[in-house]
Amino acid sequence: SLCLVPVTLLLSNCSQAVVDVMIDLRHKPTSSEALEIHGSFTWLGQTQYKLQLKGQEVYSLQLKACFVHTGVYNLGTPRVFAKLVDQVTLFETSQQNSMPALIIINNI
C-alpha cells in the first residue's frame, strides 16, 4: 500500500527585485537531521524546479509525497536556492535552517 499526500510549497519573494529560484527535491537529510522513524519518503514527479519570482510575488508549488510505512516524517527536505536575476551565483536560502515540517502517517 502507498499513502500519497499533496504538499504545497509556498515561495515568497519579499524583495522588490526579480529573483531566479531553483528547488531541489533530491536532498536527503543526514542522520543528524533525520526525523523519520521508518526511513525516507519519496517526492513523486519532477525533482527539480526552476522559476522566476517578480518583486513581492508569492508562488505556490504543488508537490506530492509518497509514503510506504506509518511513522513521523519531516517534509522540510527540499533545498531552495535563489539569486538576483543579474547575479551569477546561486545562494541557498536560510529556509533550510527552519523548523522541521512534520507529518504523521497513521495508517497505510
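The values are calculated or read from the model by the stated rules, or taken from the named source; none is laboratory data. Remember, it's a predicted structure, so these values are computed and weren't measured experimentally. Cβ coordinates were reconstructed from backbone atoms using ideal geometry, including for glycine residues, and neighbour counts include every protein chain displayed. Ligands, DNA and RNA are stripped out before the accessible areas are found, and what is left, the full protein with its side chains, is counted by its heavy atoms. Shrake-Rupley method; radii C 1.70, N 1.55, O 1.52, S 1.80 Å.
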### Task
Identify the single condition in (1) touching a Phe, Trp or Tyr at 6+ places or on another chain (Cβ under 8 Å); (2) modelled with pLDDT under 85 that Leu51 does not satisfy, given that it satisfies every other one.
(2)
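Confirm whether Thr42 is at pLDDT 90 or above and either within 29 Å of Asn107 (Cβ to Cβ) or surrounded by fewer than 12 Cβ atoms within 10 Å (Cβ to Cβ) (or both). If you could, list the steps in order and put the result at the bottom.
Working: at pLDDT 90 or above: yes; either within 29 Å of Asn107 (Cβ to Cβ) or surrounded by fewer than 12 Cβ atoms within 10 Å (Cβ to Cβ) (or both): yes.
Answer is yes for this residue.
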### Summary
Scanning the stretch 93-108 for residues that are open to solvent by 80 Å² or more (accessible area, probe 1.4 Å) and not in a loop (DSSP other than H, G, I, E, B), the one modelled with the highest pLDDT turns out to be Ile104
### Task
Would you mind finding the one in Lys64, Lys28 that is outside any loop (DSSP other than H, G, I, E, B) and either open to solvent by 30 Å² or more (accessible area, probe 1.4 Å) or modelled with pLDDT under 90 (or both)?
Lys64
## Note on the structure
When the stretch 67-87 is checked residue by residue, the ones that are within 18 Å of His27 (Cα to Cα) and either at pLDDT 95 or above or in contact with a Phe, Trp or Tyr (Cβ under 7 Å, 6 or more places away or on another chain) (or both) are Phe67, Tyr73, Phe81, Ala82
